[in-house]
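The block underneath contains the structure these notes are about, expressed in structure tokens.
We did not get these values from a lab; they are worked out from the coordinates using the rules stated. All figures in this text were calculated on a predicted structure; none of them were measured in a lab. Positions of Cβ are generated from backbone atoms using ideal geometry, with glycine treated the same way; all protein chains shown enter the neighbour counts.
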Amino acid sequence: MNKPKKITVRFFLNKTVKPIKEGNSTTYPLYMLLTYNRRSTMLRSHYGGYYKDLKQIDKVHYPGLLELEERVVKKTIQYELSQQDEKFDIKGIGNSYERYCRGIDTLFDTYMKSHLYNIVIRLEPQEYAFALNFNEPKVSFQTLYAMASKLFPNFEKLQSKEFKEEVEIYSVYLKLYQGAFFQYTFPTVIEWMDKSAVEDYKAKLAKMYKKDDYKIKRSLEVIGKVVYSSL
């Protein structure tokens, strides 16, 4: 049996790219050099930004970011290897990584906002619906939901049973991973696909819901729908 080939990930600041200069500070974007089977390629970090040096990332600004990105990019390569086998070429990994590295919470937020928009656009005064910014990533579903609750008298009546159920599932998801989003330990798409995030989430739900199999099953179904519809 052949020994599995090693995947290596090296982070670096790409100084061939135009830097950002602010006063006496010059910063460069974070990149990754990926190597597999004696072939290499570069990818720009999905979660990182511009920095003066690598040390400030883990020790100053974003503890856990490098660990998360290395884990996710390795899992992406391993998954593509399982799908393509000998046809796999690491130089084509960029598109796959952009799909698989996204946090499930981000996709879930977008999914919930789209369903919320379909409700409020049918309410009066419609001008209020147009005024709510559903396209701004920094405006969360929870914020929009709270605003809609206050702005529209008939908001409750137009919510379907399924939507209310999904609101609860999303709220529970955020609660169970509270803190993970600031520590870069949140589940990503590839980790749902390789089942590691599924098992982790299922274990968390089991502790919360005890013997309520329906809520556990339904929660997994909804998140699975969110993840796979994004691919």
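Helical runs assigned H by DSSP (4 residues or longer) give the chain a calculated mean residue ellipticity at 222 nm of -16000 deg cm²/dmol, each run adding -39500 (n - 2.57) before division by the residue total. Between Thr143 and Lys91, the FRET efficiency from the beta-carbon distance, with R0 = 41 Å, is close to 0.50.
With an a/c value of 1.5 or above and a/b larger than b/c for the gyration tensor axes a ≥ b ≥ c computed over the alpha-carbon atoms, the stretch 87-139 is described as prolate.
For the chain, what is the relative contact order in percent, using Cα pairs closer than 8 Å and at least 6 residues apart in sequence?
With pairs under 8 Å counted, the relative contact order is 17 percent.
Quick one: Debye curve from the C-alpha atoms of the chain, no solvent, what's log10 I(q)/I(0) at q = 0.08, 0.11, 0.13 Å⁻¹? Here log10 of I(q) over I(0) equals -0.40, -0.72, -0.93. Translational diffusion of the stretch 114-231 was estimated from the Stokes-Einstein equation, with Rh taken as the Kirkwood radius over Cα pairs; at 20 °C and 1.002 mPa s the coefficient is 134 µm²/s.
What's the angle, to the nearest 10 degrees (0 to 90), between helix 104-120's Cα axis and the longest principal axis of the chain? Rounded to the nearest ten degrees, it is 30. Within the stretch 169-231, list the trypsin sites (Lys or Arg not before Pro) lying in a DSSP loop whose Cβ has at most 13 other Cβ atoms in a 10 Å radius. Taking the stretch 169-231 and a limit of 13 other Cβ atoms within 10 Å, the loop trypsin sites (Lys or Arg not before Pro) found are Lys195, Lys210, Lys211.
For Ile121, Ile223, what ranking results if the residue with the fewest other Cβ atoms within 10 Å of its Cβ goes first? Could you put the intermediate results ahead of the total?
On the way: Ile121 12, Ile223 23.
Exposure proxy ranking, most exposed first: Ile121, Ile223.
Residues in the stretch 199-204 carry Karplus couplings, in order, of 5, 5, 5, 4, 5, 5 Hz; the curve used is 6.51 cos²θ - 1.76 cosθ + 1.60 with θ = phi - 60°, and Gly or Pro positions show x.
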